[in-house]
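Enquirer: A single structure is presented below for examination.
The values are calculated or read from the model by the stated rules, or taken from the named source; none is laboratory data. What you see is a predicted model, and the numbers here were worked out from it, not measured in a lab. Cβ sites come from the backbone with ideal geometry, for glycine too, and all protein chains shown count toward neighbours. Accessible surface is based on the protein model in full, side chains and every heavy atom, while ligands, DNA and RNA are left aside. Shrake-Rupley method; radii C 1.70, N 1.55, O 1.52, S 1.80 Å.
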Amino acid sequence: MKKIVLSLAAAFMAVSGFAQEVEYVEYDLPNGLHVILHQENSAPVVTTGVMYQVGAKDEDPGRTGFAHFFEHLLFEGTENIERGKWFDIVSANGGSNNANTTQDRTYYYETFPSNNLEMGLWMESERMLHPKIEQIGVDTQNEVVKEEKRQRIDNAPYGAIIYRTGIDKHLFKTHPYGQSVIGSMKDLNAAKLSEFQDFNDKYYNPNNATLVVAGDINIDQTKKMIEDYFGPIPNKAPRNVRKTVIEAPITETRYATEYDANIQIPVKIFSYITPKSIDRDAYVLDYISSVLTGGASSRMQKRMVEEEQIALQVLAFAQSNQDYGTYTMGALSKGDVSLDQLAKVMDEEIVKLQTELISEREYQKLQNQFETRFVSSNSRVEGIAASLATYNMLKGDTGLINKELDIYRSITREDIKRVANKYLKPNQRLELDYLAGSAPTEEEMAAATDEVKVVDNKLQINKIYFDNDKAAITKSAAKELDRIVNMMMKNSTMEILAETYTDTRGSDSYNKTLSQKRADAVKGYLISKGVTANRVKAVGRGEENPVVDCESKTCSDEEYEQSRRTEFTITKK
């Protein structure tokens with residue numbers, strides 16, 4: 001045991017030793033371009049990156065997806081780079097390149113052997129000064145973006161969770177963070193060439209950008225090259241000055257349902273609006289996320305996946321943006337476990353964080369994890385370049401690259417408890433049921449609003465049937481349950497009793513357990529649609545009152561199915 005402790009201590013000291021201060025020089029050109037230079041001569045490589053202050057939140061209504069579209073479009077070519085040859089030039093000179101877009105910014109970069117630094121500067125200055133915004137390029141990249149959307153979101157299992165297109169629209173009702181980064185294909189198809197040209201003129205200017213050069217460079221020589229390539233570039237518009245958009249806080253739990261035809265296993269999601277990236281509490285939420293699902297020994301992983309085996313997989317991640325952040329946690333159901341049961345256990349784990357300090361061992365593990373993560377992210381010049389640009393543009397302080405680790409180190413166990421209490425309240429979140437299958441059609445939605453007849457306080461609807469040995473809500477059952485939801489929303493004081501039955505093919509104890517799972521699934525579905533939990537009582541009746549006596553005769557599958565039902569009684573009008 002002593003050897004293990006010594007090894008951990010030595011590892012921590014080694015990591016701390018590598019967390020050295022990143023030296024840099026920053027200044028502005030007369031045209032407003034902000035420049036950051038980092039000299040690191042240990043390896044003969046250099047990264048040139050340009051971050052533009054334009055992201056999905058800057059797009060006009062009806063024209064979503066422009067910022068991400070430009071991430072592709074500006075590789076088409078320039079006046080001096082033949083169309084389609086950008087990547088060939090980079091590869092031929094021993095380099096690599098990429099770009100990415102978020103809600104807040106767009107970032108382009110190339111990494112070359114250091115003797116090709118001038119190549120990277122020339123290419124990025126070409127992108128800024130001489131881009132060719134032509135119809136052929138727009139048409140080509142339109143198809144590329146459509147295919148990307150199909151591969152990453154439309155046809156990818158859980159794509160709307162991974163890329164948040166199924167989450168953020170329910171969280172943000174006013175702020176443009178509610179729209180997806182990839183945007184709408186309808187909007188892109190409707191846009192005219194002149195609109196793309198105007199977008200370029202408005203945002204892709206020196207005064208709206210940060211240029212970073214990091215790696216094996218000479219500072220004075222690099223400054224001279226930057227002046228030669230970027231100094232003459234004029235601005236076609238003022239710097240992008242953003243208006244402050246205030247999102248009203250969530251004060252009552254929001255419920256939503258999303259469907260994914262690419263999955264078979266449903267997911268229960270909790271998602272919260274959290275502070276912006278420069279807020280210290282945003283760093284604390286990173287710790288909370290790691291406590292819950294950060295590795296094999298994390299709390300939700302151990303309890304839900306390993307011990308109780310109610311989830312196939314768990315997730316939790318904090319995402320802090322320039323204006324607001326989000327915190328999302330969830331679990332994939334295992335077998336017949338209802339999403340309601342997953343929600344119950346997730347809430348229990350949140351309450352533990354709100355009422356008990358994490359252990360000293362967990363706390364030390366967190367600090368080690370984040371120290372290692374920080375060092376790893378800045379272990380290559382590509383990472384350092386991206387960090388410098390991000391701290392400067394999105395957090396307003398380039399020096400955070402040397403301060404952020406101290407922020408994480410300063411977080412206490414008491415901070416974790418406080419932040420969990422402040423932000424992770426049930427009335428401040430979205431509860432999302434992410435279900436297998438397709439969303440109801442307009443015809444099905446219309447049918448769901450049909451009035452439900454009531455006879456002797458019994459709801460007269462088509463029976464809610466279940467598949468044999470299953471407790472999952474079927475599509476036909478969901479249609480009928482939607483009718484009940486509609487009824488209860490119109491009658492806000494109504495309460496109901498849901499009694500669920502099985503057929504007779506299992507043991508008494510098995511049938512009792514299964515029927516209760518089915519009752520919980522029914523209740524969970526109604527809650528997910530906005531019916532409060534105290535208005536629904538769910539009871540599993542086992543094999544009581546079979547519709548057909550299958551013990552004294554041989555029953556068909558259809559006859560067995562009639563016993564696998566749920567009946568509803570109004571207990572309070």
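Enquirer: Give the number of residues within region 526-560 that are at negative phi and assigned to a strand (DSSP E or B).
Expert: Total meeting the criteria: 6.
Enquirer: Inspect region 160-174 for any residue being surrounded by fewer than 18 Cβ atoms within 10 Å (Cβ to Cβ), of a type in the set (A, V, I, L, M, F, W, C) and over 29 Å from the mean Cα position of the chain (by Cα) and give the result as yes or no.
Expert: no
Enquirer: Could you name every one of the helices (runs of 4 or more DSSP H) located completely within region 288-405 that has at least 3 residues being within 30 Å of Thr257 (Cα to Cα)?
Expert: Fully inside region 288-405 and qualifying: 339-355.
Enquirer: Identify the residue in region 405-442 that is over 30 Å from Lys529 (Cβ atoms) and touching a Phe, Trp or Tyr at 6+ places or on another chain (Cβ under 7 Å) and, among all such residues, is most open to solvent (accessible area, probe 1.4 Å).
Expert: Arg413
Enquirer: Residue under question is Thr500, and the condition is that it be surrounded by 13 or more Cβ atoms within 10 Å (Cβ to Cβ), of a type in the set (Ser, Thr, Tyr) and over 21 Å from Lys512 (Cβ atoms); does it hold?
Expert: Against the criterion (surrounded by 13 or more Cβ atoms within 10 Å (Cβ to Cβ), of a type in the set (Ser, Thr, Tyr) and over 21 Å from Lys512 (Cβ atoms)), Thr500 does not qualify.
Enquirer: Now a separate question. Kindly evaluate Asp508 against the criterion of being open to solvent by 30 Å² or more (accessible area, probe 1.4 Å) and among the charged types (D, E, K, R).
Expert: Spelling it out, Asp508 is indeed open to solvent by 30 Å² or more (accessible area, probe 1.4 Å) and among the charged types (D, E, K, R).
Enquirer: Which pairs have Cβ atoms under 9 Å, sit 6 or more apart or on different chains, and link a residue in region 61-89 that is basic (Lys, Arg) to one that is in a loop (DSSP other than H, G, I, E, B)?
Expert: Cβ pairs passing all conditions: Arg63/Gly183; Arg63/Ser184; Arg63/Ala191; Arg83/Glu76; Arg83/Gly77; Arg83/Lys132; Arg83/Glu134; Lys85/Gly77.
Enquirer: I would also like to ask the following. Looking at region 525-570 only, could you name the residues that are more than 26 Å from Ala256 (Cα to Cα) and hydroxyl-bearing (Ser, Thr, Tyr)?
Expert: Across region 525-570, the qualifying residues are Ser552, Thr554, Ser556, Tyr560, Ser563.
Enquirer: Need the failing condition index for Asn98 against (1) open to solvent by 10 Å² or more (accessible area, probe 1.4 Å); (2) touching a helix residue (DSSP H, G or I) at 6+ places or on another chain (Cβ under 8 Å); (3) assigned to a strand (DSSP E or B), just the number.
Expert: So Asn98 meets the others, but not (2).
Enquirer: Let me ask something else. With the condition kept exactly as written, say whether any residue in region 271-288 is in contact with a strand residue (DSSP E or B) (Cβ under 8 Å, 6 or more places away or on another chain), of a type in the set (Asp, Glu), over 30 Å from Gly396 (Cα atoms) and open to solvent by less than 60 Å² (accessible area, probe 1.4 Å).
Expert: For region 271-288, residues in contact with a strand residue (DSSP E or B) (Cβ under 8 Å, 6 or more places away or on another chain), of a type in the set (Asp, Glu), over 30 Å from Gly396 (Cα atoms) and open to solvent by less than 60 Å² (accessible area, probe 1.4 Å): absent.
Enquirer: OK, next. Quick one: what pairs do we get from region 197-210, first residue more than 12 Å from Phe66 (Cβ to Cβ) and in contact (Cβ under 8 Å) with a residue 24 or more places away in the chain, second small (Gly, Ala, Ser) and surrounded by 20 or more Cβ atoms within 10 Å (Cβ to Cβ), C-beta under 6 Å, 6+ apart or different chains?
Expert: So the pair list comes out as Thr210/Ala389.
Enquirer: So the check is Cβ under 6 Å with 6+ separation or different chains; which pairs have a first residue in region 232-257 that's in contact (Cβ under 8 Å) with a residue 12 or more places away in the chain and a second one that's of a type in the set (A, V, I, L, M, F, W, C)?
Expert: From residues that are in contact (Cβ under 8 Å) with a residue 12 or more places away in the chain, the pairs are Ile233/Met128; Ile233/Leu129; Glu247/Phe172; Arg254/Leu430; Ala256/Leu432.
Enquirer: For region 252-264, name all the residues that are crowded, with 16+ Cβ neighbours inside 10 Å, touching a Ser or Thr at 6+ places or on another chain (Cβ under 8 Å) and either β-branched (Val, Ile, Thr) or not in a strand (DSSP E or B) (or both).
Expert: Residue satisfying the conditions is Thr257 alone.
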